[in-house]
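Please treat every number below as a calculation from the coordinates, not as lab data. Every value quoted in this text rests on a predicted model; they were computed, and no experiment measured them. Neighbour counts run over all protein chains shown; Cβ positions are idealised from the backbone, glycine included.
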Amino acid sequence: MTKTVFITGGSRGIGEAIVRLMAGKYNVAFTYHKSRERAEALEAELNSRFGGVLAIPCDVSDENSVRTAFAAARKRFLDVDVLVNNAGVAYSGLLSDMTADEWRGVMAVNLDGAFFAIKEALPYMLKKGEGCIINVSSIWGVDGASCEAAYSASKAALIGLTKALAKEVGPMGVRVNAVAPGAIDTDMMHCYTPAETSAFLAENVPLGRLGTPAEVAAGVEYLIDAGGFCNGTILTIAG
């Protein structure tokens with residue numbers, strides 16, 4: 001029986017690259033929030049080539065919305081064997097200028113969303129005695145970034161969650177890992193000027209270029225398919 005991958009935030013950027021890489025190998029359920037037309041176009045394209053792809057509207061910061069999304073995936077594919085927590089939002093600015101609502105908004109998507117999805121996926125995985133959870137963190141969760149304190153904190157929390165949960169559920173056959181991408185050529189990087197991007201690359205990225213969503217997706221694929229002895233691993237993909 002074909003296994004099912006559930007990917008949050010799969011309509012664009014890194015999420016879209018993961019959806020594209022998984023399609024044809026797994027059943028793929030992916031969520032989107034605001035990018036309905038893009039998500040439905042991706043679903044139609046991949047179904048015409050492979051079948052077994054389902055786009056689901058979902059606000060990952062809302063526990064009921066996540067529950068409904070998993071119910072839709074189960075109705076189509078029975079249950080979820082692999083969970084990729086990719087949905088995320090960024091905030092750039094001084095922490096002293098950030099409001100409490102803005103702080104909570106970042107945490108609600110980047111951290112609470114992962115918690116809600118894991119809570120939905122885990123019971124089946126534990127019952128089956130196998131499963132794979134991958135959290136998409138960030139190099140800023142490892143190193144921190146000036147003017148991105150909330151984003152860095154949320155991604156660092158995902159790393160802590162990954163390492164702790166790996167110890168908690170590893171004995172039951174469920175692996176929990178994370179990828180920590182660096183500067184990747186997605187919409188999140190488009191808020192910076194070319195000069196700012198060049199200066200960052202010169203100072204922080206020995207390879208001297210932005211990464212691609214496909215390169216992050218390849219890291220996720222490794223942790224799903226080839227990294228069978230990886231548990232609690234934080235795979236840095238940062239050039």
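General observations
- For peptides 214-222, 84-92, 25-33, sequence by mean Cβ density within 10 Å, most packed first: 25-33, 84-92, 214-222
- Distance histogram for region 4-237 (every C-alpha pair counted, 5 angstrom bins, percent rounded to whole numbers): 1, 7, 14, 19, 21, 17, 11, 6, 3, 1, 0
- Degrees separating the helix 113-128 axis from the principal Cα axis of the chain, which is the longest one: 30 degrees
- The convex hull built on the alpha-carbon positions of region 39-147 has an orientation-averaged projected area of 8.7 nm².
- Taking Cα atoms only, the orientation of helix 63-77 departs from the longest principal axis of the chain by about 50 degrees.
- Relative contact order, whole percent, for the chain stands at 19, derived from Cα pairs under 8 Å and 6 or more residues apart.
- Straight-distance crosslink candidates among lysines, where the alpha carbon sits under 30 Å from Lys167 and sequence neighbours closer than 8 are dropped: Lys3, Lys25, Lys119, Lys127, Lys128, Lys155
- Hull-based mean projected area of region 91-228, where the convex hull spans the alpha carbons, in square nanometres: 9.3 nm²
- Taking the helices alone, the chain has a mean residue ellipticity at 222 nm of -14000 deg cm²/dmol, built from -39,500 (n - 2.57) per DSSP H run of at least 4 residues and averaged over all its residues.
- Distance from region 191-235 to region 90-114 (C-alpha centre basis), Å: 23 Å
- Tilt relative to the chain, helix 194-204 - C-alpha long axis, 0 to 90 degrees, to 10: 80 degrees
- Close amide H partners of Thr212, meaning residues 5 or more places away or on another chain with modelled amide H under 5 Å apart, are Asp185.
- Taking amide H as placed 1.01 Å from N in the peptide plane, the amide H of Thr236 sits under 5 Å from that of Ala180, each at least 5 places away or on another chain.
- Under-5 Å amide H pairs with Tyr91, H placed in peptide plane, nonlocal only: Tyr151
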